[in-house]
Structures are given as C-alpha cells and as structure tokens.
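In what follows, a structure is listed as structure tokens, so that the remarks can point back to it.
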Amino acid sequence: MEKATKSCTSTNSSGSYANCQSGYLAVSCSCGNSASWEIKSEKTCHCANQDWTSARCCKIGKK
Amino acid sequence: MEKATKSCTSTNSSGSYANCQSGYLAVSCSCGNSASWEIKSEKTCHCANQDWTSARCCKIGKK
Amino acid sequence: MEKATKSCTSTNSSGSYANCQSGYLAVSCSCGNSASWEIKSEKTCHCANQDWTSARCCKIGKK
C-alpha cells in the first residue's frame, strides 16, 4: 500500500532561511516584513530580513 | 480530441483570499501592498491585507 | 546519454521584467523593493517597480 504524499507543502522557520524537505524543490518564498527573496541550491529560501521565512516546496520533474 | 490545457494559471480576487480551480495546486501568491502570504489547504492563497490577492496555480504531481 | 536538466531555475534582470527560458513556465516572481507582481504570457514576470525582477521557472506538465 502506497503512502499518500503531498505534491506541495510549506516549511517555515524564524530567521532568514527555510529549507524544503528531501525530494522537494523550492518554487517560491514568503517573507516576514514582505522582504524580497531568492532561492539557493534548489531547496532553500533566503529572505532579506531577520524575521521569518517560509518556503513553498513541490515535487516536480522527478525522474 | 483533447482540449488544450494550461499547466499553470493565475486567479485574482479582491480581498485577502484567492482560490485555485479544481485540479490545480497553489504554488505562490502575490498580494496588493506587497503583503506577506501563506497557502492554506493546498489551493488557497491568503494575503495579510485587505486589498487584492492573486494565486499562481499549477498542475503538478497528478497521479 | 541524457543531459542532466534542472527542473527549476531562476532568471534575473534589472528593470520590471524577467523571462523564463524556453521550456520553462514561471511559477513565482521576486521583486526589488518587495513590489507586487504578476505573470504574463506564462513565462514572464512583471514587477511593479523599476528596480530588479527575478523569475522562478520550472518544467511542469510537459506533454
């Protein structure tokens, strides 16, 4: 029996970085104080603030 | 003959919430006044404002 | 032997627009000055500023 899996999920952390779990790729980030963001190394969100960071992570293009 | 379908599409609404259509998952949100956002229940964008909300919605990981 | 390909990648440019490469779809945008954004014609990020624009681009739903 296969386990149900989510195609997309979010991870949150305090500070400037949030990481996606293994097998997921970061597709966007949301930042406290509405700061600008970038994605590093495919699975890490980096927000230009010291508040909180959220990563939206999806399983795509797995082969 | 199959209908052409879009892999990603956007939905917009006034206020703090925007929903993806059936079969699509929310991958990111854009908010009026550049507010911070979160994704609820896989397909709903929630912006921390009362202005407008846009959801970017894609078909991924369908099985 | 297949070439390794990235499922998602980012493109950056100065000004209000950033385009995804051929074969990629825009899934989110990040903007200088934390401006609001929209996606035009599937693969172009448009930020409401004159600073810089980044597009997050993924290969999804290719058929």
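Coordinate-derived values only; no laboratory data. The structure presented is a predicted model; accordingly, all values stated were derived computationally and were not measured. Please note: Cβ atoms are built from the backbone with ideal geometry, for glycine as well, and neighbour counts cover all protein chains shown.
Seen from all sides and averaged, what is the projected area of the convex hull of the Cα atoms in chain A, in nm²?
Details: hull surface 18.2 nm².
Convex hull of Cα atoms, orientation-averaged projection: 4.6 nm².
Take the Cβ-Cβ distance between B:ASP51 and A:ASP51 as r, set R0 to 30 Å, and report the resulting FRET efficiency rounded to the nearest 0.05.
About 0.90, to the nearest 0.05.
Checking a compactness column here: for the protein assembly as shown, what do you get for Rg(Cα) / (2.2 N^0.38 Å), N being the number of residues?
After normalising by residue count via 2.2 N^0.38 Å, the value is 0.96.
What are the aspartates and glutamates whose alpha-carbon lies under 19 Å from the alpha-carbon of B:LYS6, with same-chain residues fewer than 8 places away excluded?
Excluding near neighbours in sequence, the set is B:GLU42, C:GLU38, C:GLU42.
Determine the sum of side-chain charges near A:CYS31: Lys and Arg each +1, Asp and Glu each -1, restricted to other residues whose C-beta is under 11 angstrom from that of A:CYS31. Can you show the working numbers first?
Numbers: positive: none; negative: A:GLU38, A:ASP51.
That sum, taken over residues with Cβ under 11 Å, equals -2.
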